[in-house]
1. Nearest 0.05, what FRET efficiency do residue 52 and residue 91 give at R0 = 45 Å with Cβ-Cβ as r?
2. If one computes the Cα centroid of region 588-643 and of region 296-365, what distance in Å separates the two points?
3. Quick check on region 332-450: take the gyration tensor over C-alpha atoms, sort the square-rooted eigenvalues as a ≥ b ≥ c, and tell me if it's rounded (a/c under 1.5), prolate or oblate.
4. Could you estimate the translational diffusion coefficient of the chain from the Stokes-Einstein equation, with Rh from the Kirkwood formula over C-alpha pairs, at 4 °C and 1.567 mPa s, in whole µm²/s?
5. Students often forget the sequence filter, so: which lysines lie under 21 Å Cα-Cα from residue 376 once same-chain residues fewer than 8 apart are removed?
6. Calculate the length of the line joining the C-alpha centroid of region 510-540 to that of region 683-723, in whole Å.
7. Which of the three applies to region 120-278, rounded, prolate or oblate, going by the alpha-carbon gyration tensor with a ≥ b ≥ c and a/c under 1.5 meaning rounded?
8. What's the FRET efficiency of residue 609 with residue 267 using the Cβ-Cβ distance as r and R₀ = 60 Å, to the nearest 0.05?
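Throughout, read-outs are computed from the coordinates displayed, never taken from laboratory work. Note that this is a predicted model, so its numbers are computed, not measured. All Cβ positions, glycine included, derive from the backbone under ideal geometry; neighbour counts span all protein chains shown.
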Amino acid sequence: MIDAKTLPTEALLQITTSLNISMHSLVAVIALLDEGGTVPFIARYRKEVTGNLDEVQIRAIEEKLAYLRDLLSRRTTVLASILEQGKLTDELKARIEATFDRSELEDLYLPYRPKRRTKATIARDKGLEPLADYLWNQQPVELSLHDLAATFVSPEKEVATVADALEGARHIIAERISEDADLRKLTRHLMFEEGIIQSRRALDSVDEQEKFKMYYEYSEPVKTIPSHRMLAIRRGEEESVLYFLIELDPLRVTAQLRSRILRTEGDWTPQLELAIDDCWKRLLNPSVQGEIRLELKKRSDADAIQVFRDNLQNLLLAAPAGPISVLGIDPGLRTGCKVAVVDETGKFLAHDVLYLSSSKSAATGAAERLVAMLAKYNVRAIAIGNGTASRETDSFVRDTLRDNHLDNIFSVTVSESGASIYSASDIARQEFPDLDLTVRGAISIARRLQDPLSELVKVDPKSIGVGQYQHDVDQRQLQQSLETAIESCVNRVGVDLNTSSWTLLRYVAGVTERVALNIVAYRDEHGRFRSRKQLNKVPGIGAKTFEQAAGFLRIRNGEDPLDGTAVHPESYRVVEQIARSLGTPIGELVANPALLTKVDARQIDAGTFTVKDILEELRKPGRDPREQFIAPSFNEQVREFADVQPEMILEGVVTNVTKFGAFVDIGVHQDGLVHISELSNRYIKDPSEAVKAGQIVKVKVLSADVKTKRIALSMKALMGGTRVTMPTAAVAKAGAVSPQKNRNFPPPRQAARTIPPPEVSLSEKLAMLSTKWKVS
């Protein structure tokens with residue numbers, strides 16, 4: 001591996017400029033990464049070294065460093081290959097060593113890369129390269145071009161006429177043009193800046209639901225086409241419904257090429273012009289178009305992956321209802337509702353099946369059994385999956401709680417997206433080998449209410465359903481990005497060493513899957529951990545792993561009160577110094593943060609950032625950074641798609657945020673779309689500026705199309721100011737390909753049975769009363 005000391009200074013300068021960080025910070029981060037440091041650890045516990053760079057900046061450095069090292073490795077291979085051919089000049093070597101762009105490097109290597117047999121190589125085999133050199137050099141000789149070309153006529157070499165000789169020479173010229181790095185760069189720039197994406201419907205294509213209708217005759221500039229539309233067109237091409245090309249005025253390109261190739265007038269000029277036209281049509285256009293298509297794919301993938309990553313992070317950081325006993329329900333009509341109870345720690349206690357719709361007596365019996373389970377296991381909350389029959393189940397549960405005066409129990413609908421994937425997974429089989437798939441799903445639903453983060457890490461993030469064309473993007477890159485998102489969230493929240501599963505522990509900084517399993521095995525054999533120091537006895541945990549992981553692992557009520565905080569063991573001495581300066585035991589300091597008001601941070605022997613973080617942690621030791629838990633309140637009169645009517649004002653949960661808008665669950669099994677133009681009464685460039693996954697929002701229904709199953713919503717209409725009605729075409733354009741049902745958890749909240757109504761204006765109250773009258 002190329003270390004920080006041997007990396008080219010020019011490359012490091014490029015990184016510092018693009019990321020707006022100092023050279024000192026960059027070199028420090030590279031050194032820490034090379035020493036095996038993880039991004040969460042470096043961001044949290046090495047601020048003095050990095051100059052307080054945050055996790056986003058450090059991950060950006062990590063990505064650029066990987067790109068740079070890959071480029072340098074490729075550069076070495078390219079130089080060796082050209083040198084072996086005996087064609088490496090000082091000028092070429094200097095150009096190769098000066099570039100830090102992968103495309104430019106490949107352009108420089110292109111003339112020397114081993115290639116298949118082409119028209120140009122055939123012409124060279126026929127001895128026509130000197131004629132091509134004459135045309136290329138544009139220097140007159142004694143013979144006319146016709147007479148010079150006649151000297152290359154040779155029936156033995158299959159050059160029958162002067163025209164054949166000139167054609168072969170043009171083939172050589174065309175290849176030279178297409179392999180010239182500067183000319184390729186020029187063409188690529190023109191196509192990116194001035195090219196137009198043209199998508200058309202393929203002949204004999206089948207698009208029964210007309211998912212791609214807006215792209216049957218569609219044009220948009222390469223430079224500005226957003227990722228979701230590019231991915232939609234590519235999906236249409238994959239499904240053989242569409243095909244697309246990148247169109248660029250050929251006269252514009254060939255004029256640019258002529259201005260750089262033609263230096264003097266002569267009998268060679270018409271031949272060079274023909275070669276330029278041939279090069280564009282046969283070589284440059286297909287080649288550069290392929291490169292731009294690939295670049296658009298990468299750009300779209302990157303945008304889509306970032307959207308997925310942001311949504312996943314918001315979802316994972318939704319606050320838990322907390323350590324309370326929960327009854328989870330996986331709703332069903334014909335097969336009944338699968339019910340499972342878990343205790344405060346998530347331990348499975350019991351399961352049952354409740355049939356609600358077969359008969360009135362069955363519903364009565366189901367209510368009695370539900371009440372019995374609630375009493376027997378001291379249940380505090382009921383979590384209902386948001387799949388089929390969720391609204392009917394929710395109504396049944398609320399009626400049962402009301403009829404039996406169980407005011408101390410609250411119920412809430414949570415997302416069951418990915419629960420079926422989990423229930424059939426190896427992880428679920430390991431946890432509950434003797435339980436049916438449906439019972440495992442109900443357990444997962446219950447645990448998601450207790451702590452979404454702990455439960456969701458067991459599910460393949462791609463099946464959670466908060467992405468944008470996630471099945472169309474680079475799957476390796478997507479998986480890597482989602483893994484880092486989970487790692488970031490887990491370490492931001494912290495992990496209880498004595499209660500967490502190995503599936504959660506494996507995302508702690510420095511902890512591998514094997515080490516996570518070893519931690520659980522040690523805990524099962526020796527009982528709960530009493531101190532962080534015990535981690536050193538776990539097989540596979542050495543000094544480096546302990547350094548990286550210890551600060552993110554919590555021990556509640558352990559031997560050392562600091563083990564329950566985010567203070568790293570390497571900084572315990574700093575806390576001891578603070579406690580001595582106050583004449584107070586550490587335990588008292590942790591229990592009574594008010595004592596910290598007497599601390600003079602300037603007198604503490606540690607770095608400024610370290611002292612600041614320690615004091616901030618001690619003010620709220622072991623705090624959970626997630627927000628307050630609040631439940632959405634769906635309109636009881638709106639349960640099916642047919643119940644949704646224009647002008648209604650509803651409450652819902654943002655399930656997915658894309659580049660073109662946000663999808664909102666309003667409780668009818670079909671998410672509505674708030675187009676970006678309807679998210680805010682101020683200009684926003686990206687929907688994430690206005691909403692995030694899991695957020696509870698109020699929306700106004702603009703339209704509900706039963707045929708296409710599309711609901712258009714607006715948040716802007718409830719904010720005052722002018723509202724621009726979104727036309728049907730805009731809805732179609734935004735939707736592009738109808739999304740699957742996107743589900744999400746309610747946002748973080750404290751356990752509470754009732755939620756106070758939001759503050760609304762008089763006009764909004766009148767609108768809601770009007771809506772209620774219309775529905776009833």
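1. Numbers: r = 44 Å, r/R0 = 0.98.
In this case the efficiency is close to 0.55.
2. Region 588-643 and region 296-365 have Cα centres separated by 27 Å.
3. Numbers: a/c = 1.75, a/b = 1.41, b/c = 1.24.
Here region 332-450 falls in the prolate category.
4. Numbers: Rh = 31.0 Å.
Stokes-Einstein gives a translational diffusion coefficient of 42 µm²/s.
5. 338, 347
6. Taking the Cα centre of region 683-723 as reference, the centre of region 510-540 is 48 Å away.
7. Prolate.
8. On the way: r = 73 Å, r/R0 = 1.22.
The calculated FRET efficiency here is 0.25.
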